[in-house]
Amino acid sequence: MIPEIGQFALALALAVSLVQSVLPLIGAARNNVIWMRSATATSILLTALVAIAFAALMWSFVVSDFTVLNVASNSHSLKPMLFKVAATWGSHEGSLLLWILILVVFGLGVSLLARNIPLKLKARTLAVQAWISAGFLSFMLFTSNPFDRVFPAPLDGQDLNPLLQDVGLAMHPPFLYLGYVGFSIVFSFAVAALIEGRVDPAWARWVRPWTLAAWVFLTLGIVLGSWWAYYELGWGGWWFWDPVENVSFMPWLAGTALFHSAVVTEKRGSFKSWTILLAVLTFSLSLLGTFIVRSGLLTSVHAFSVDPERGIYILGLLAVAIGGSLTLFAIRAPEMEGGGLFAPISREAGLLINNLLLATATATVLFGTLYPLLLEAVTGEKISVGPPYFNASFVPIMLVLVVVMGIGPLLSWKRADLRGVLHRLKWVAGLSLLAALVVWYLDTGGPALAVLSIGLAVWLLGAVLTEWASRIKLGEAPLVESLRRARNLPRSHYGMVVAHAGLAVCMIGFIGSSAWKSEVVTFAEPGTHIEIAGFDVRFDGVEQLRGPNYVSRMATLTVFRNGAYVTTLKPERRAYFVAGTSTTESAIRTTLAGDLYASISEPAAESEQSKWTLRILYEPLVVWIWIGSGLLALGGVLSLTDRRLRVGAPRKRTGPGSIPVAAE
Amino acid sequence: MIWIIFSIIASVVFLTLAHSGMCRKTSNLSRRDSASAIYADQIGEVEKDLERGIISAEEAKAARAEIESRLKAIDRQSDGGEPMVGHSGRVLVLLAALTVPALGAGLYWQLGSPDIPSQPFAQRTGEQAEARKIADLAVRLRSRLEADETGGPTEGWVLLAQTYMRMGRFGEAADAFEVLLDRPDASSALVSQYGEALVYSEDGIVTPKAERAFDRALELDPSNPAATFYKAVGLEQAGSPDKAYDLLKTRMEAEEGFRPWMESFAAQLNRIAPSIGRAPVDLAALAPSIPGPTADQVAATEEMSDEDRQVFIRSMVERLANRMKENPSDLDGWMRLGNAYAVLGENENARNAYGKAQKLAENLSQTDPRKAEIARSLAELGA
């Protein structure tokens, strides 16, 4: 009965979304308040209905109701409870339902939280959001229904891909989708503005919190996925330039460009069409990602559905959404009024360069991702575009971006004094040169790119700190005055400082772990010693253990350095008996200086059961990636909580901000 | 119960929507108010930035002038006149509120299966116990057969293999059949069942090994329909759908009247036919009588012990039930499934199956004997 309630709720949800697609839009055109307001009621209903469906599906997974086909194919009665819950969105159908749930929750958020937005813009935005909901609800109901039933039910389920049974991955899709789908609301705002024919600084202000929220979620989603790949796949890599990773990275790049461009629209009224176009493109890239992953176009861990009917349906949705919005853009963009003027050297120009570089970087990734697919479709030839392509194309663009990033925040609006800025950064430049030289001295054999990149990471970090120090007049004014200034600096400014510093920290991690990685792969027998990066690793043997739905073979590795005991690593190989597959559980010793990473595979040969394939890596500085990514997300959150975003709900300011300043 | 819940949900949806149309509040946050608030706030920010010393007095002045000109600009832009709340507006909202439950119910009618109950795993102890019992029996039977110095009786191995098939352990089923291949009493049916087990264990692929089994089955009995069927599947997988089509068609035409296996033949033929531009076959033309178990099958069950017979019938029923999952529009299949459940005394399942058949039979002509048959069976089952 419960699955049927879910099914019924979804059917109603599709009907409600159709009403919401039309009524508020006519209302806005005819100036009818009731029709416009109906969007609030429908968005509440839509969220409630989809939430009922989601809860029904989750219930079916939790109690292992195998009359639901989706549960029978993706779960098993022996599976640990956490993964039963996570299995709700682990399958193709379930993940779509999560996608839609997030979509309607964002719609609800706009209809309830955005009290300062004019009714017309809100009605149109919610109508556009409902188009997307209707598209995806119908896609789900007609091609991938999560509530398809089986009767009589199979006695037990077929389990979920054990690789996907992992805490990191259980949380990865929800965050990734919060980001992907979060950009839908920005897209809806952009299309609504195009329908209305008006984009102004106020519009940019209304949209900013949604862009930031989506960006933070997407950042976390990508990092969780990367972290999962790092410790679960057993290769010690954190980014493979795999198409599935790329498709989540492209909306991130475009989204990053988007909110930088939106700042200019908000502050100066310029870059209007640029901002709108980026809003459309960011969500289009999210849709493209959904299409590439969901259509089974790729054969990788993530592409778990191979069904052309689905692919064609999403392709249709994609064509309508992207084609329609770009057509609308082409019609409306020329009507947009130009904004404030600015000199070639100014904050605006800096942000323009930022946008151009990010857009180029996105295009580079897009090309590298789609080219092999197109080539295969046209000629049937299978090629893979891997790290060499991206290192040669994407990385240099980003390095230029980093140079600009150091300077940009120091430039003032309209017209800036580049010479003065560079003068202020001379110490930073010297320091980064020194850092590069030190790295070169320590490791002359290392790749030139790494030496350069380390220099640039230091440059960025230094420039960010210089900017902050000059804002609070550190060293120029008395310390008390500087502290007061530091407290008074708006939170969005701290958001920028923290996020930019986060990127610098990430860079150090990227470089350290890829340029100075050491790796040993060997056949080991109990008693074997392996030397790596100054560690002495002793392989003590393998024991067999039994988990809830797997059998584990756990190796014991004792690690010494200079004869002293350091730690014990216990990498595992787990065989899942129902699904009939194995996973690697690596063991990692993490320090700020680097990770010692161990994983174990099958015995070398059937005949040599005591010889195991061991992979041991030392990855310097890898933990900096996770710290830096955390800072990036934290920066977004800081900006998001800036008081200035809460316009329209005026609140009396209390505390230090209201103290008048005596001297300036 | 389920219909009550559906009605409640539908009514709540209707009422919420209808209420939004009846709402008398007409406050309309216009763009002018809203944008002015933003710009006023921006001017405030400029002042504060000036206080904080982030921008110079000159910059602040320019920024202020720019924002003020934006403020003036919104006054120039009209907002499309006064908001209106017409009577007609309410009617349309009410209409939408009525359409939503109707549309939702219509969709549900297409997609839902209201008659399938939920079956949480924890409530299925009976089935689990039975499955464990069968697994136990299989283990015991196997060890007895393996311990037998004469190699164990053929029927025993067949029973074991069929039990494995039913448990979904196709590889082990194939192993059990394989023991019998060299025996003089290895019949065509047995060899083709072996082939079938191989196909199942390879996820439906007819491997060369399986193909050899079907060839041998056909050597022993050229009329073996199962072997013919899988030969055709193999041909199609090897890229010769034409040959597959011919093979199936020829075999069907060799028969006078209807045979139960023809349904799967016809389904296969009709699946292949459009892609190679050949004519589909009409099963109804082949005397749509109600096929039960064949005489041979009945005779076979009579020689078995009670327990074996139950197991045998169960295995048949479950295989049929599985087929029905893949092909739920098969009217005759549902009727046979209903009949089989009735024989097993599972009246609830029987009623369900006949219920499905009744739905499918709605479009048949009144004179179709199957209609009467379904009605009679349902009456007997007390539905």
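Under 21 Å from the mean Cα position of the chain (by Cα), surrounded by fewer than 15 Cβ atoms within 10 Å (Cβ to Cβ), more than 7 Å from every other protein chain (Cβ to nearest Cβ) and in a helix (DSSP H, G or I) - does that describe any residue in the stretch B:115-132? Checked against the condition, which is being under 21 Å from the mean Cα position of the chain (by Cα), surrounded by fewer than 15 Cβ atoms within 10 Å (Cβ to Cβ), more than 7 Å from every other protein chain (Cβ to nearest Cβ) and in a helix (DSSP H, G or I), the stretch B:115-132 yields no hits at all.
Would you confirm, using the coordinates I've provided, whether A:GLY236 is touching a Leu at 6+ places or on another chain (Cβ under 8 Å), at positive phi and not aliphatic (A, V, I, L, M)? For A:GLY236, the condition - touching a Leu at 6+ places or on another chain (Cβ under 8 Å), at positive phi and not aliphatic (A, V, I, L, M) - is met. When the stretch A:341-372 is filtered for residues that are hydrophobic (A, V, I, L, M, F, W, C) and open to solvent by less than 60 Å² (accessible area, probe 1.4 Å), the ones remaining, listed by number, are A:ALA343, A:ALA349, A:LEU351, A:LEU352, A:LEU357, A:LEU358, A:ALA359, A:ALA361, A:ALA363, A:VAL365, A:LEU366, A:LEU370.
So that you can scan it fast, the table gives a plain yes or no per residue for (1) in a helix (DSSP H, G or I); (2) within 11 Å of another protein chain (Cβ to nearest Cβ); (3) surrounded by 14 or more Cβ atoms within 10 Å (Cβ to Cβ); (4) at pLDDT 85 or above:
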site	(1), (2), (3), (4)
B:ARG140	yes, no, no, yes
B:ARG144	yes, no, no, yes
B:LEU160	yes, no, yes, yes
B:ARG166	yes, yes, yes, no
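The residues in the stretch A:584-611 that are at pLDDT 80 or above and open to solvent by less than 40 Å² (accessible area, probe 1.4 Å) can be counted, and the count is 11.
Restrict the check to the stretch B:239-256 and report whether at least one residue is crowded, with 17+ Cβ neighbours inside 10 Å and not in a helix (DSSP H, G or I). No, the conditions are met nowhere in the stretch B:239-256.
Per the conditions (1) at pLDDT 90 or above; (2) among the polar types (S, T, N, Q); (3) crowded, with 23+ Cβ neighbours inside 10 Å, the sole criterion not satisfied by A:SER111 is (1). Restricting B:TYR341, B:TYR354 to those that are hydroxyl-bearing (Ser, Thr, Tyr) and within 12 Å of another protein chain (Cβ to nearest Cβ) reduces the list to B:TYR341. For the stretch A:474-487, the tally of residues that are touching a helix residue (DSSP H, G or I) at 6+ places or on another chain (Cβ under 6 Å) and open to solvent by less than 20 Å² (accessible area, probe 1.4 Å) stands at 0.
Taking the stretch B:137-175, which residues are more than 23 Å from the chain's Cα centre (by Cα) and closer than 26 Å to A:VAL150 by Cβ? Of everything in the stretch B:137-175, those that are more than 23 Å from the chain's Cα centre (by Cα) and closer than 26 Å to A:VAL150 by Cβ turn out to be B:LEU137, B:ALA138, B:ALA161, B:GLN162, B:THR163, B:TYR164, B:GLY171, B:GLU172, B:ALA173, B:ALA174. Only one of the numbered conditions (1) surrounded by 19 or more Cβ atoms within 10 Å (Cβ to Cβ); (2) in contact (Cβ under 8 Å) with a residue 24 or more places away in the chain is violated by B:GLY171, and that is (1). Scanning the stretch B:309-352 for residues that are open to solvent by less than 70 Å² (accessible area, probe 1.4 Å) and either of a type in the set (Ser, Thr, Tyr) or not assigned by TED's automatic domain parsing to the domain that holds B:ILE374 (or both) gives B:SER315, B:TYR341. May I ask you to list the residues in the stretch B:149-158 that are surrounded by 16 or more Cβ atoms within 10 Å (Cβ to Cβ) and part of a helix (DSSP H, G or I)? Within the stretch B:149-158, B:THR154, B:GLY156, B:TRP157, B:VAL158 meet the criteria.
With respect to (1) closer than 29 Å to A:ASN74 by Cα; (2) open to solvent by 40 Å² or more (accessible area, probe 1.4 Å), the lone exception for A:GLY563 is condition (1). Please tell me if A:VAL451 is aliphatic (A, V, I, L, M) and either within 31 Å of the chain's Cα centre (by Cα) or open to solvent by less than 20 Å² (accessible area, probe 1.4 Å) (or both). Judged against the criteria, A:VAL451 is a match. Taken over the stretch B:178-219, the criterion of being without any contact (Cβ under 8 Å) to a residue 24 or more places away in the chain, part of a loop (DSSP other than H, G, I, E, B) and under 11 Å from B:LYS231 (Cα atoms) is satisfied by B:THR207 alone.
The residues of the stretch B:22-31 that are within 17 Å of A:ALA114 (Cβ to Cβ) and either at the interface with chain A (Cβ under 7 Å from one of its Cβ atoms) or at pLDDT 75 or above (or both), listed by number, are B:ASN28, B:LEU29, B:SER30, B:ARG31.
Once the stretch A:46-77 is narrowed to residues that are within 10 Å of chain B (Cβ to nearest Cβ) and open to solvent by 10 Å² or more (accessible area, probe 1.4 Å), the residue that is nearest to B:GLU127 (Cα to Cα) is A:SER77. Of all residues assigned to the stretch A:17-39, none qualifies as being open to solvent by 10 Å² or more (accessible area, probe 1.4 Å), at the interface with chain B (Cβ under 8 Å from one of its Cβ atoms) and closer than 24 Å to A:MET171 by Cβ. Against the definition (among the aliphatic types (A, V, I, L, M), farther than 25 Å from B:SER329 by Cα and buried (at least 18 other Cβ atoms within 10 Å of the Cβ)), how does B:ALA197 come out, yes or no? Here the answer is yes, as B:ALA197 does meet what is asked. In a residue-by-residue description of the stretch A:270-280, the property of being crowded, with 23+ Cβ neighbours inside 10 Å, within 21 Å of A:ARG332 (Cβ to Cβ) and either free of Cβ contacts under 8 Å to residues at least 40 places away in the same chain or within 14 Å of chain B (Cβ to nearest Cβ) (or both) applies to at least one position. Tallying residues that are more than 9 Å from every other protein chain (Cβ to nearest Cβ) and farther than 25 Å from A:GLY630 by Cα within the stretch A:478-497 yields 7.
The values are calculated or read from the model by the stated rules, or taken from the named source; none is laboratory data. None of the values given here were measured: they were computed from a predicted structure. Glycine gets a Cβ as well: all are built from the backbone with ideal geometry, and neighbour counts include every protein chain shown. Just the protein is used for accessible areas: all its heavy atoms, side chains included, with ligands, DNA and RNA removed. Shrake-Rupley method; radii C 1.70, N 1.55, O 1.52, S 1.80 Å.
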